[in-house]
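As structure tokens, the structure follows; a few thoughts come after it.
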Amino acid sequence: MHDLAEEVGNRRNVYEMVCRYPGTHLRELSRMLGLAHNLTEYHLHYLEKRSLVFSQQDGMFKRYYPRDPPGTEDRRDRFSDRDKPIVAMLRKPIPFRIIVLLAKDGELLHKDLVAGVKRSPPTVSHHLEKLVGMGIVAKGGQGGGYLLADPPRIERILLAFTPQPASLMDGFIGIWEDLSV
């Protein structure tokens, strides 16, 4: 027999996760909630149909954001439409690290970003190209460094942004990479 209380509880959990981590995609929501992919998709479709959440396509991913309830002062959607592409990039580990490093340190050379992100130079270059193309990062002056295109805006977004909890594997990989042999 179908358990309505469980269905409502799962739907509420999906909605709360979208509110807490706006810009998260379906697979990540499923993983964080411990729900089957198709069950999470079912609840997201239900919430979208009732205008409680909405989605935006980001390449191969569909990212979900909460809608503000109509007629209330309640602000669920903390990011403007202009900010949502930045939020989507912050949901990706390497762009997140690049943006945070630039917010913290200001203009950095490519080699400094490679060291800070702990990825290969071509990988960092690939993500920098995307960030520059989106207008999030700008190329610096004569020194060839990189800096945030609009630091106050990015810092405002970072203050409102809640990173997803790292998985155990992410923690393991981080520890493994930090070991000096």
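Rule-based calculations on the coordinates, nothing more; no lab input. Because the structure is predicted, anything quoted here is derived from the model rather than measured. FYI the Cβ positions are ideal-geometry reconstructions off the backbone, even for glycines, and counts take in every protein chain you see.
Side notes on the structure shown:
- Amide H to amide H, with H built 1.01 Å from N, Leu109 comes under 5 Å of Tyr146, counting only residues 5 or more places away or on other chains.
- Between Thr40, Pro66, Ser51, the Cα set farthest toward the positive side of the dipole of the range 20-115 (charges on each charged residue's Cβ, about the Cα centre) is that of Thr40.
- For the listed residue pairs Lys92/Lys139; Lys62/Lys92; Lys84/Lys130; Lys104/Lys130, the alpha carbons are over 18 angstrom apart in Lys92/Lys139; Lys104/Lys130.
- Annotation: amide H-H contacts under 5 Å for Leu35 (H modelled 1.01 Å from N, sequence separation of 5 or more, or interchain): none.
- Spread over its residues, the convex hull of the C-alpha atoms of the range 4-68 is 78 Å³ per residue.
- Taking amide H positions as modeled 1.01 Å from N, with prolines and chain starts lacking one, the residues under 5 Å from Lys62 and 5 or more places away or on another chain are Leu26.
- For His110 and Asp81, the difference between the fully extended length at 0.36 nm per residue and the C-alpha to C-alpha distance is 7.5 nm.
- Placing R0 at 45 angstrom, the Cβ-Cβ distance between Lys49 and Arg156 gives a FRET efficiency of 0.90 after rounding to 0.05.
- Remark: the Glu129-Val8 segment gains 39.3 nm on full extension, using 0.36 nm per residue and subtracting the alpha carbon distance.
- Using θ = phi - 60° in the Karplus curve 6.51 cos²θ - 1.76 cosθ + 1.60, the 3J(HN,Hα) couplings for the range 12-23 round to 4, 4, 4, 4, 5, 5, 5, 5, 6, 10, x, x Hz; x is entered for Gly and Pro.
- 3J(HN,Hα) couplings calculated from phi for the range 80-94 with the Karplus curve 6.51 cos²θ - 1.76 cosθ + 1.60 (θ = phi - 60°) are, in sequence order, 6, 4, 5, 8, 4, x, 5, 4, 4, 5, 5, 6, 9, x, 6 Hz; Gly and Pro show x.
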